[in-house]
Amino acid sequence: MKMLKPAIRLVLTALFVWAAVAKIADPRAFQDAIASYHLLPWLPGAVATVWLPWLELTLAIALWQPRFSRTSAAMLAMLCAVFLVALVQAWLRGIDITCGCFGDSSVVSGADYLPYLARDAGLVALAVVLWRLEKNAAPVETDAASYNPLVH
Amino acid sequence: MDWLRKSAALLAIAAVLGGLSVAFNPAARAVLLDAPRDHEITVAQAQALGAAALWIDARSRADFEAGHVDGALLLNEDAWSELLIPVIERWQPGMPVVVYCDSHGCQASRKIAERLRAEAGVDTAKVLRGEWSKVGAR
């Protein structure tokens, strides 16, 4: 159990750094992927294209910063939940999409959706488990800024 | 409210990094400027070609049968070899080819145009940038 938290953190970091770097490397392909979901108008889609990969990277790195690890795990869980909702709506609407998740440009349709849905659900679960573990392990926070040695 | 401050800080860091990528990475900047890409043609440019252009519908047969650009030929990856024959029969060197699919973001038209250029020698194949329904459906 002791190794569970760093193991989950490592898996999430590796996956989200991979996802972020793939998107940053080819923003036009990621823009096409976002457009294929038929969810966002052009401008919000373009902003998401530029911002989302950096958010993934920031959150992945922040998992290793004790002050931010719990918040980062919660935000990753929410982000994966949003991706999951986007996938489900596309699946239910019968749209052929490009996932755009890890820089993969293959078309997803019909039964192809199932592994993607399972993977996203797994990521949500992993992030939630990490959030819970961080919560249980969180020490009483000492705020360096408010610490006054003269008082102690 | 500590979690809210931390969340806002992480969101802001990502926004700053995204802004820097737009400033220093031309590919990221092109996303926000919606700059045209290689082998793309706008709806207006395609319409100006008139009857001189060969239109290729890269969607599924069901979508094609539900409605397509007047005179377009169906060509998709599901039946590439079979559907390519009428395209090659119709195409002549120098004839502009416009490939389209569902929307601005769909990938099928890019893939089909790429294959037409690489495998069939149709070097004039371009991807329609915009909605095919604005061209004139049948």
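The values are calculated or read from the model by the stated rules, or taken from the named source; none is laboratory data. From a predicted model like this one, the values you see are computed outputs, not experimental measurements. Glycine gets a Cβ as well: all are built from the backbone with ideal geometry, and neighbour counts include every protein chain shown.
Within the range A:84-99, which residues are at the interface with another protein chain (Cβ under 10 Å from one of its Cβ atoms) and under 18 Å from residue A:20 (Cα atoms)?
A:98
State which residue pairs qualify: first residue without any contact (Cβ under 8 Å) to a residue 12 or more places away in the chain and at the interface with chain B (Cβ under 7 Å from one of its Cβ atoms) and inside the range A:34-51, second residue of a type in the set (A, V, I, L, M) and in a helix (DSSP H, G or I) in any location, beta carbons under 7 Å apart, and separation of 6 or more residues or different chains.
A:51/B:14; A:51/B:15
In the list B:127, B:69, which residue meets the criterion of being touching a residue at least 60 places away in the same chain (Cβ under 8 Å), within 12 Å of chain A (Cβ to nearest Cβ) and within 27 Å of residue A:42 (Cβ to Cβ)?
The unique qualifying residue is B:127.
Name the pairs whose Cβ atoms lie under 7 Å apart, with the first residue in the range B:92-121 and buried (at least 17 other Cβ atoms within 10 Å of the Cβ), the second of a type in the set (Phe, Trp, Tyr) and assigned to a loop (DSSP other than H, G, I, E, B), and 6 or more positions between them or separate chains?
Partner pairs satisfying both residue conditions: B:97/B:91.
Tally up the residues in the range A:58-78 that are within 22 Å of residue B:21 (Cα to Cα), more than 7 Å from chain B (Cβ to nearest Cβ) and over 11 Å from the mean Cα position of the chain (by Cα), please.
Qualifying residue count, the range A:58-78: 1.
Run down B:32, B:11 and say which single residue is within 28 Å of residue B:131 (Cα to Cα) and either in contact with an Asp or Glu (Cβ under 8 Å, 6 or more places away or on another chain) or without any contact (Cβ under 8 Å) to a residue 60 or more places away in the chain (or both).
Being within 28 Å of residue B:131 (Cα to Cα) and either in contact with an Asp or Glu (Cβ under 8 Å, 6 or more places away or on another chain) or without any contact (Cβ under 8 Å) to a residue 60 or more places away in the chain (or both) holds for just one of B:32, B:11, which is B:32.
Could you please give the count of residues in the range B:73-82 that are surrounded by 19 or more Cβ atoms within 10 Å (Cβ to Cβ) and either at pLDDT 95 or above or of a type in the set (Phe, Trp, Tyr) (or both)?
The total comes to 3.
Yes or no: the range B:45-60 includes at least one residue that is within 11 Å of chain A (Cβ to nearest Cβ), basic (Lys, Arg), under 30 Å from residue B:79 (Cβ atoms) and surrounded by 12 or more Cβ atoms within 10 Å (Cβ to Cβ).
Checking the range B:45-60: at least one residue is within 11 Å of chain A (Cβ to nearest Cβ), basic (Lys, Arg), under 30 Å from residue B:79 (Cβ atoms) and surrounded by 12 or more Cβ atoms within 10 Å (Cβ to Cβ).
Condition check: surrounded by 22 or more Cβ atoms within 10 Å (Cβ to Cβ), under 19 Å from residue A:123 (Cβ atoms) and away from chain B (no Cβ under 14 Å). Does residue A:12 satisfy that?
Yes.
If residue B:115 satisfies all but one of (1) in contact with a Phe, Trp or Tyr (Cβ under 8 Å, 6 or more places away or on another chain); (2) under 29 Å from residue A:45 (Cα atoms); (3) assigned to a loop (DSSP other than H, G, I, E, B), what's the number of the condition it fails?
(3)
Here is a list: B:28, B:66. Which entry is at pLDDT 90 or above, surrounded by 11 or more Cβ atoms within 10 Å (Cβ to Cβ) and among the aliphatic types (A, V, I, L, M)?
Every option except B:28 fails the conditions.
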